[in-house]
Amino acid sequence: MAGELPALLKLYERSNCEYDPSGLLKFWCENCQRAPAWVEAARIFVLCQPSSGAAERGFSVWRTTITDQQTTTLEDRQKLTVQLAYSREIE
């Protein structure tokens, strides 16, 4: 990868690549033969699936700061909102 970096930087300088997904995809498709290691690294990076670990930690912190009464109130409000939107009778 280190050997391909100077060539990749020159390719990127010469291109009129946009920083949006379609522009970057076009750039990588056009230059896949000139920087194969970087193309493979970009492919791996794009295909990485995010972990739910951060969300789980966030909910864990939220759970320690919210009381049971607040949780019950939130659940009741959500139930009422759904019933008002989709039901003619409120339980």
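The values are calculated or read from the model by the stated rules, or taken from the named source; none is laboratory data. For clarity, every value in this text was computed on a predicted model and none was experimentally measured. Here Cβ is always computed from backbone atoms with ideal geometry, including for glycine, and neighbour counts include all displayed protein chains.
Please verify whether V61 is surrounded by 11 or more Cβ atoms within 10 Å (Cβ to Cβ) and among the β-branched types (V, I, T), treating the condition exactly as stated.
For V61, the condition - surrounded by 11 or more Cβ atoms within 10 Å (Cβ to Cβ) and among the β-branched types (V, I, T) - is not met.
Need pairs with beta-carbon distance below 6 Å; first residue surrounded by 10 or more Cβ atoms within 10 Å (Cβ to Cβ) and within the stretch 76-89, second of a type outside the set (D, E, K, R) and modelled with pLDDT under 90; sequence gap 6+ or separate chains.
Taking only residues 6 or more apart or on different chains, the pairs are Q83/I90.
Would you confirm, using the coordinates I've provided, whether T67 is surrounded by 10 or more Cβ atoms within 10 Å (Cβ to Cβ), of a type in the set (S, T, Y) and modelled with pLDDT of 80 or more?
For T67, the condition - surrounded by 10 or more Cβ atoms within 10 Å (Cβ to Cβ), of a type in the set (S, T, Y) and modelled with pLDDT of 80 or more - is not met.
Can R43 be described as at pLDDT 85 or above and within 26 Å of the chain's Cα centre (by Cα)?
yes
What are the pairs, 6+ residues apart or on separate chains, where a residue within the stretch 23-35 that is touching a residue at least 24 places away in the same chain (Cβ under 8 Å) has its Cβ under 9 Å from a residue that is aromatic (F, W, Y) and assigned to a helix (DSSP H, G or I)?
A35/W28
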